[in-house]
Ligand SMILES: C[S@@+](CC[C@H](N)C(=O)[O-])C[C@H]1O[C@@H](n2cnc3c(N)ncnc32)[C@H](O)[C@@H]1O
(Lines give C-alpha, C1' and ligand atoms only; values in the text may rest on other atoms or scores of the structure.)
Protein backbone atom coordinates (compact mmCIF):
# COMPACT_ATOMS: atom_id res chain seq x y z
CA UNK A 1 0.00 0.00 0.00
CA UNK A 2 1.25 3.48 -0.77
CA UNK A 3 -0.09 6.85 0.28
CA UNK A 4 -1.37 9.24 -2.33
CA UNK A 5 1.09 11.72 -3.72
CA UNK A 6 0.71 14.89 -1.65
CA UNK A 7 2.31 18.02 -3.00
CA UNK A 8 4.59 20.19 -0.88
CA UNK A 9 2.74 23.21 0.47
CA UNK A 10 5.73 25.22 1.69
CA UNK A 11 6.93 28.25 -0.31
CA UNK A 12 10.53 27.09 -0.52
CA UNK A 13 10.83 23.87 -2.42
CA UNK A 14 13.75 21.57 -1.71
CA UNK A 15 15.73 20.31 -4.63
CA UNK A 16 14.39 16.84 -3.85
CA UNK A 17 11.20 18.15 -5.50
CA UNK A 18 13.13 18.42 -8.74
CA UNK A 19 12.26 15.67 -11.13
CA UNK A 20 14.98 13.05 -11.29
CA UNK A 21 17.33 14.42 -8.63
CA UNK A 22 17.83 10.89 -7.32
CA UNK A 23 17.75 9.16 -10.72
CA UNK A 24 21.47 8.25 -10.40
CA UNK A 25 20.66 7.11 -6.85
CA UNK A 26 18.79 4.05 -8.17
CA UNK A 27 22.01 2.82 -9.88
CA UNK A 28 24.04 3.75 -6.81
CA UNK A 29 21.88 1.80 -4.38
CA UNK A 30 22.01 -1.32 -6.57
CA UNK A 31 25.76 -1.08 -7.23
CA UNK A 32 27.96 -3.65 -5.43
CA UNK A 33 30.70 -0.96 -5.25
CA UNK A 34 28.61 1.12 -2.84
CA UNK A 35 29.51 -1.07 0.12
CA UNK A 36 33.25 -0.52 -0.06
CA UNK A 37 35.57 -1.49 2.81
CA UNK A 38 35.19 1.95 4.41
CA UNK A 39 31.41 1.66 4.43
CA UNK A 40 31.50 -1.80 5.95
CA UNK A 41 34.30 -1.34 8.48
CA UNK A 42 34.31 2.38 9.29
CA UNK A 43 30.79 3.68 8.70
CA UNK A 44 28.31 0.88 9.35
CA UNK A 45 29.66 0.14 12.85
CA UNK A 46 28.93 3.78 13.76
CA UNK A 47 25.45 3.55 12.24
CA UNK A 48 24.78 0.37 14.22
CA UNK A 49 26.03 2.00 17.41
CA UNK A 50 23.61 4.88 16.81
CA UNK A 51 20.69 2.51 16.17
CA UNK A 52 21.53 0.37 19.20
CA UNK A 53 21.60 3.48 21.35
CA UNK A 54 18.28 4.69 19.87
CA UNK A 55 16.64 1.31 20.51
CA UNK A 56 17.97 1.24 24.08
CA UNK A 57 15.96 4.42 24.74
CA UNK A 58 12.62 2.69 24.07
CA UNK A 59 10.62 0.43 26.36
CA UNK A 60 10.62 -3.11 24.89
CA UNK A 61 7.25 -4.03 23.38
CA UNK A 62 5.94 -6.81 21.19
CA UNK A 63 6.27 -4.67 18.08
CA UNK A 64 8.39 -1.71 17.14
CA UNK A 65 6.82 0.92 14.90
CA UNK A 66 9.31 2.80 12.75
CA UNK A 67 8.72 5.76 10.46
CA UNK A 68 11.77 6.11 8.16
CA UNK A 69 11.92 9.77 7.15
CA UNK A 70 13.37 10.21 3.63
CA UNK A 71 13.63 6.42 3.36
CA UNK A 72 14.88 6.37 -0.25
CA UNK A 73 15.41 2.74 -1.27
CA UNK A 74 14.70 1.51 2.27
CA UNK A 75 18.22 1.56 3.70
CA UNK A 76 16.80 2.09 7.20
CA UNK A 77 14.93 -1.21 6.97
CA UNK A 78 18.08 -2.98 5.72
CA UNK A 79 19.96 -1.64 8.74
CA UNK A 80 17.31 -2.73 11.24
CA UNK A 81 17.15 -6.19 9.68
CA UNK A 82 20.96 -6.39 9.79
CA UNK A 83 20.90 -5.57 13.51
CA UNK A 84 18.58 -8.49 14.08
CA UNK A 85 20.58 -10.82 11.80
CA UNK A 86 23.93 -10.07 13.43
CA UNK A 87 22.32 -10.59 16.84
CA UNK A 88 23.69 -7.33 18.23
CA UNK A 89 20.06 -6.64 19.12
CA UNK A 90 18.76 -10.23 19.28
CA UNK A 91 15.45 -9.35 20.91
CA UNK A 92 14.51 -6.73 18.32
CA UNK A 93 10.72 -7.00 18.12
CA UNK A 94 8.85 -7.44 14.86
CA UNK A 95 8.65 -4.22 12.92
CA UNK A 96 5.83 -2.11 11.67
CA UNK A 97 7.86 -0.08 9.21
CA UNK A 98 6.68 2.88 7.14
CA UNK A 99 9.04 4.70 4.78
CA UNK A 100 8.26 8.21 3.51
CA UNK A 101 10.00 9.77 0.53
CA UNK A 102 9.42 12.02 -2.47
CA UNK A 103 11.41 10.04 -4.99
CA UNK A 104 9.28 7.63 -7.04
CA UNK A 105 12.28 5.73 -8.47
CA UNK A 106 13.81 5.00 -5.05
CA UNK A 107 10.41 4.09 -3.59
CA UNK A 108 9.84 1.56 -6.38
CA UNK A 109 13.27 0.06 -5.69
CA UNK A 110 12.44 -0.06 -1.96
CA UNK A 111 9.14 -1.85 -2.57
CA UNK A 112 10.86 -4.36 -4.90
CA UNK A 113 13.61 -5.07 -2.37
CA UNK A 114 11.53 -5.37 0.77
CA UNK A 115 8.49 -7.47 0.01
CA UNK A 116 8.91 -10.14 2.68
CA UNK A 117 8.98 -10.62 6.46
CA UNK A 118 8.18 -7.49 8.42
CA UNK A 119 5.16 -5.31 7.83
CA UNK A 120 6.77 -2.73 5.53
CA UNK A 121 5.10 -0.06 3.42
CA UNK A 122 6.63 2.77 1.40
CA UNK A 123 4.70 5.99 1.10
CA UNK A 124 5.13 8.81 -1.34
CA UNK A 125 5.06 12.12 0.49
CA UNK A 126 6.94 15.14 1.73
CA UNK A 127 8.61 14.96 5.13
CA UNK A 128 7.83 18.64 5.69
CA UNK A 129 4.07 18.13 5.50
CA UNK A 130 3.13 14.46 5.33
CA UNK A 131 4.37 12.80 8.50
CA UNK A 132 1.24 10.93 9.66
CA UNK A 133 -0.69 11.86 12.77
CA UNK A 134 -0.36 8.51 14.57
CA UNK A 135 2.81 8.36 16.66
CA UNK A 136 5.69 5.93 15.97
CA UNK A 137 8.16 4.45 18.46
CA UNK A 138 11.04 5.50 16.28
CA UNK A 139 11.34 8.27 13.71
CA UNK A 140 14.42 7.03 11.89
CA UNK A 141 16.50 8.85 9.30
CA UNK A 142 19.71 7.87 7.58
CA UNK A 143 21.61 9.16 4.56
CA UNK A 144 21.11 12.81 5.64
CA UNK A 145 17.56 13.43 4.27
CA UNK A 146 16.94 16.31 6.71
CA UNK A 147 19.82 18.25 5.12
CA UNK A 148 17.57 18.80 2.10
CA UNK A 149 15.51 21.12 4.32
CA UNK A 150 16.47 24.70 5.15
CA UNK A 151 17.04 25.45 8.84
CA UNK A 152 13.53 26.96 9.12
CA UNK A 153 11.98 23.96 7.41
CA UNK A 154 13.76 21.56 9.77
CA UNK A 155 12.52 23.56 12.75
CA UNK A 156 8.91 23.47 11.43
CA UNK A 157 9.14 19.77 10.61
CA UNK A 158 10.52 18.81 14.03
CA UNK A 159 7.97 21.03 15.80
CA UNK A 160 5.16 19.30 13.94
CA UNK A 161 6.61 15.87 14.69
CA UNK A 162 7.17 16.64 18.40
CA UNK A 163 3.57 17.95 18.65
CA UNK A 164 2.25 14.59 17.45
CA UNK A 165 4.25 12.77 20.12
CA UNK A 166 3.02 15.20 22.75
CA UNK A 167 -0.65 15.05 21.62
CA UNK A 168 -0.62 11.27 21.86
CA UNK A 169 1.31 11.26 25.16
CA UNK A 170 3.77 8.90 23.48
CA UNK A 171 7.40 8.01 24.13
CA UNK A 172 9.42 8.15 20.93
CA UNK A 173 12.98 8.34 19.76
CA UNK A 174 13.87 10.62 16.85
CA UNK A 175 17.05 10.04 14.83
CA UNK A 176 18.03 13.20 12.94
CA UNK A 177 20.73 12.55 10.34
CA UNK A 178 22.28 15.60 8.63
CA UNK A 179 25.48 16.65 6.89
CA UNK A 180 28.23 17.83 9.23
CA UNK A 181 29.11 21.47 8.73
CA UNK A 182 32.81 21.10 9.57
CA UNK A 183 33.80 18.03 7.56
CA UNK A 184 37.28 18.17 6.01
CA UNK A 185 35.56 17.31 2.73
CA UNK A 186 34.34 20.90 2.34
CA UNK A 187 36.68 23.19 4.29
CA UNK A 188 36.31 26.03 1.72
CA UNK A 189 32.55 26.07 2.48
CA UNK A 190 32.76 26.09 6.28
CA UNK A 191 31.68 29.74 6.35
CA UNK A 192 28.11 29.01 5.20
CA UNK A 193 25.42 26.67 6.43
CA UNK A 194 23.52 26.07 3.16
CA UNK A 195 25.15 25.65 -0.24
CA UNK A 196 24.83 23.73 -3.52
CA UNK A 197 26.00 20.18 -2.94
CA UNK A 198 26.46 17.42 -5.47
CA UNK A 199 26.29 13.67 -4.91
CA UNK A 200 29.04 13.10 -7.45
CA UNK A 201 30.08 9.95 -5.59
CA UNK A 202 27.04 8.03 -6.85
CA UNK A 203 28.03 4.88 -8.71
CA UNK A 204 26.10 5.71 -11.85
CA UNK A 205 26.62 6.65 -15.48
CA UNK A 206 24.15 9.50 -14.96
CA UNK A 207 25.44 12.86 -13.75
CA UNK A 208 24.32 14.10 -10.34
CA UNK A 209 22.88 17.64 -10.21
CA UNK A 210 23.60 20.40 -7.71
CA UNK A 211 21.17 20.50 -4.81
CA UNK A 212 20.94 23.00 -1.95
CA UNK A 213 21.73 21.28 1.33
CA UNK A 214 22.01 22.52 4.93
CA UNK A 215 25.07 21.65 6.99
CA UNK A 216 24.86 21.41 10.78
CA UNK A 217 27.11 21.55 13.81
CA UNK A 218 26.23 20.40 17.33
CA UNK A 219 25.28 23.84 18.58
CA UNK A 220 22.92 24.75 15.72
CA UNK A 221 21.24 21.34 15.74
CA UNK A 222 20.80 21.36 19.52
CA UNK A 223 19.26 24.84 19.37
CA UNK A 224 16.87 23.71 16.64
CA UNK A 225 15.78 20.66 18.68
CA UNK A 226 15.34 22.73 21.88
CA UNK A 227 13.28 25.36 20.08
CA UNK A 228 11.07 22.70 18.48
CA UNK A 229 10.61 20.95 21.81
CA UNK A 230 9.67 24.22 23.57
CA UNK A 231 7.11 25.25 20.95
CA UNK A 232 5.63 21.75 20.78
CA UNK A 233 5.49 21.43 24.58
CA UNK A 234 7.22 18.05 24.32
CA UNK A 235 10.02 17.15 26.73
CA UNK A 236 13.39 15.96 25.42
CA UNK A 237 14.59 13.55 28.08
CA UNK A 238 17.90 12.62 26.38
CA UNK A 239 20.00 13.84 23.50
CA UNK A 240 23.13 12.23 22.07
CA UNK A 241 25.14 13.38 19.07
CA UNK A 242 27.37 11.26 16.84
CA UNK A 243 29.86 12.16 14.08
CA UNK A 244 30.39 9.65 11.29
CA UNK A 245 33.28 9.62 8.78
CA UNK A 246 35.70 12.23 10.07
CA UNK A 247 38.52 11.30 7.66
CA UNK A 248 36.86 9.08 5.08
CA UNK A 249 33.67 10.78 3.84
CA UNK A 250 32.83 10.00 0.22
CA UNK A 251 33.85 13.48 -0.94
CA UNK A 252 37.43 12.91 0.21
CA UNK A 253 37.54 10.56 -2.80
CA UNK A 254 35.86 12.93 -5.29
CA UNK A 255 37.77 16.06 -4.23
CA UNK A 256 34.66 17.94 -5.37
CA UNK A 257 34.64 20.61 -2.65
CA UNK A 258 38.18 20.48 -1.27
CA UNK A 259 40.51 19.55 -4.12
CA UNK A 260 43.58 20.05 -1.91
CA UNK A 261 42.57 17.21 0.41
CA UNK A 262 44.24 13.79 0.09
CA UNK A 263 41.80 11.19 -1.23
CA UNK A 264 41.60 9.52 2.20
CA UNK A 265 38.70 7.23 1.38
CA UNK A 266 40.50 5.79 -1.66
CA UNK A 267 43.72 5.42 0.34
CA UNK A 268 42.04 3.76 3.30
CA UNK A 269 40.15 1.40 0.98
CA UNK A 270 43.52 0.44 -0.50
CA UNK A 271 44.96 -0.17 2.98
CA UNK A 272 41.95 -2.25 4.02
CA UNK A 273 42.34 -4.30 0.83
CA UNK A 274 46.07 -4.90 1.42
CA UNK A 275 47.32 -2.66 -1.39
CA UNK A 276 50.37 -0.39 -1.11
CA UNK A 277 49.84 3.24 0.03
CA UNK A 278 52.37 6.04 0.62
CA UNK A 279 51.65 6.79 4.27
CA UNK A 280 52.66 10.46 3.89
CA UNK A 281 49.50 10.96 1.82
CA UNK A 282 47.46 9.91 4.86
CA UNK A 283 48.76 12.62 7.20
CA UNK A 284 46.24 14.92 8.85
CA UNK A 285 45.78 18.25 6.98
CA UNK A 286 45.96 21.72 8.56
CA UNK A 287 42.65 23.10 9.80
CA UNK A 288 41.99 26.84 9.16
CA UNK A 289 42.35 29.28 12.06
CA UNK A 290 38.88 30.76 11.40
CA UNK A 291 37.16 27.52 12.45
CA UNK A 292 35.26 27.64 15.77
CA UNK A 293 37.43 26.83 18.80
CA UNK A 294 35.70 23.54 19.58
CA UNK A 295 36.30 22.35 16.02
CA UNK A 296 39.95 23.43 15.96
CA UNK A 297 40.56 21.76 19.32
CA UNK A 298 38.86 18.59 18.16
CA UNK A 299 40.92 18.35 14.96
CA UNK A 300 44.10 19.15 16.84
CA UNK A 301 43.63 16.23 19.29
CA UNK A 302 42.34 13.95 16.56
CA UNK A 303 45.21 14.80 14.17
CA UNK A 304 47.78 14.21 16.89
CA UNK A 305 46.55 10.64 17.46
CA UNK A 306 46.00 9.95 13.75
CA UNK A 307 49.56 11.00 12.88
CA UNK A 308 50.94 9.10 15.90
CA UNK A 309 49.38 5.89 14.56
CA UNK A 310 50.89 6.61 11.12
CA UNK A 311 54.36 7.20 12.61
CA UNK A 312 54.26 4.18 14.88
CA UNK A 313 53.01 1.81 12.22
CA UNK A 314 55.29 3.00 9.43
CA UNK A 315 58.34 2.39 11.63
CA UNK A 316 57.26 -1.04 12.75
CA UNK A 317 55.80 -2.44 9.56
CA UNK A 318 58.69 -1.63 7.23
CA UNK A 319 59.50 -5.29 6.63
CA UNK A 320 55.93 -6.44 6.17
CA UNK A 321 54.25 -6.79 2.82
CA UNK A 322 51.26 -4.47 2.09
CA UNK A 323 48.78 -7.34 2.37
CA UNK A 324 49.65 -7.51 6.10
CA UNK A 325 50.81 -3.95 6.89
CA UNK A 326 47.86 -2.23 5.15
CA UNK A 327 45.01 -3.76 7.18
CA UNK A 328 47.08 -3.35 10.38
CA UNK A 329 47.52 0.38 9.77
CA UNK A 330 43.89 0.73 8.70
CA UNK A 331 42.80 -0.89 11.95
CA UNK A 332 44.81 1.59 14.02
CA UNK A 333 43.43 4.58 12.10
CA UNK A 334 39.91 3.20 12.35
CA UNK A 335 40.30 2.95 16.12
CA UNK A 336 41.20 6.66 16.21
CA UNK A 337 38.00 7.49 14.25
CA UNK A 338 35.79 5.27 16.33
CA UNK A 339 37.09 6.41 19.70
CA UNK A 340 37.57 10.12 19.06
CA UNK A 341 34.59 11.18 16.93
CA UNK A 342 32.44 13.15 19.33
CA UNK A 343 29.31 14.56 17.71
CA UNK A 344 30.39 18.11 16.92
CA UNK A 345 29.55 18.24 13.22
CA UNK A 346 33.15 17.38 12.28
CA UNK A 347 32.29 14.35 10.14
CA UNK A 348 30.53 13.73 6.84
CA UNK A 349 27.35 13.31 8.82
CA UNK A 350 26.09 14.37 12.22
CA UNK A 351 23.35 12.35 13.87
CA UNK A 352 21.25 13.45 16.82
CA UNK A 353 19.28 10.85 18.75
CA UNK A 354 16.48 12.58 20.64
CA UNK A 355 14.41 10.79 23.26
CA UNK A 356 10.97 12.36 23.62
CA UNK A 357 8.64 11.91 26.52
CA UNK A 358 5.22 13.25 25.59
CA UNK A 359 3.59 11.92 28.75
CA UNK A 360 3.88 15.13 30.74
C1 LIG B 1 20.62 10.51 0.36
S2 LIG B 1 19.00 9.95 0.34
C3 LIG B 1 18.92 8.85 1.72
C4 LIG B 1 17.95 7.75 1.49
C5 LIG B 1 17.96 6.65 2.54
N6 LIG B 1 17.45 7.12 3.81
C7 LIG B 1 19.34 6.06 2.70
O8 LIG B 1 19.90 6.09 3.81
O9 LIG B 1 19.87 5.52 1.74
C10 LIG B 1 17.99 11.33 0.91
C11 LIG B 1 16.53 11.04 0.66
O12 LIG B 1 15.75 12.11 1.18
C13 LIG B 1 14.63 12.27 0.33
N14 LIG B 1 14.04 13.60 0.53
C15 LIG B 1 14.63 14.80 0.45
N16 LIG B 1 13.76 15.80 0.70
C17 LIG B 1 12.58 15.20 0.98
C18 LIG B 1 11.30 15.68 1.34
N19 LIG B 1 11.07 17.01 1.47
N20 LIG B 1 10.33 14.78 1.56
C21 LIG B 1 10.55 13.45 1.42
N22 LIG B 1 11.76 12.92 1.09
C23 LIG B 1 12.76 13.79 0.88
C24 LIG B 1 15.21 12.08 -1.05
O25 LIG B 1 14.24 11.79 -2.03
C26 LIG B 1 16.17 10.92 -0.80
O27 LIG B 1 15.58 9.66 -1.02
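The values are calculated or read from the model by the stated rules, or taken from the named source; none is laboratory data. This is a predicted model, so every value here is computed, not measured. So basically every Cβ, Gly included, is an ideal-geometry build from the backbone, and we count neighbours across all protein chains shown.
So which helices (runs of 4 or more DSSP H) stay within segment 40-115 end to end and still have 3 or more residues that are more than 21 Å from residue 354 (Cβ to Cβ)?
Output list reads 75-85, 104-113.
Kindly provide the set of residues from segment 204-226 that are surrounded by 15 or more Cβ atoms within 10 Å (Cβ to Cβ) and modelled with pLDDT under 95, ordered by number.
204, 208, 209, 211
Identify the residue in segment 15-45 that is touching a strand residue (DSSP E or B) at 6+ places or on another chain (Cβ under 7 Å) and modelled with pLDDT of 50 or more and, among all such residues, is farthest from the ligand (Cβ to nearest atom). Please lay out each step first, then the result.
Filtering segment 15-45 for residues touching a strand residue (DSSP E or B) at 6+ places or on another chain (Cβ under 7 Å) gives 15, 21, 43.
From what's left, modelled with pLDDT of 50 or more: 21, 43.
Details: 21: 7, 43: 11 Å.
Only one residue fits best here, namely 43.
Output the number of residues of segment 125-145 satisfying the condition of being more than 8 Å from the ligand (Cβ to nearest atom) and buried (at least 18 other Cβ atoms within 10 Å of the Cβ).
Residues that pass the stated criteria total 7.
Would you pick out the residues in segment 100-118 that are at pLDDT 90 or above, away from the ligand (no atom under 13 Å from the Cβ) and touching a helix residue (DSSP H, G or I) at 6+ places or on another chain (Cβ under 8 Å)?
None; the set is empty.
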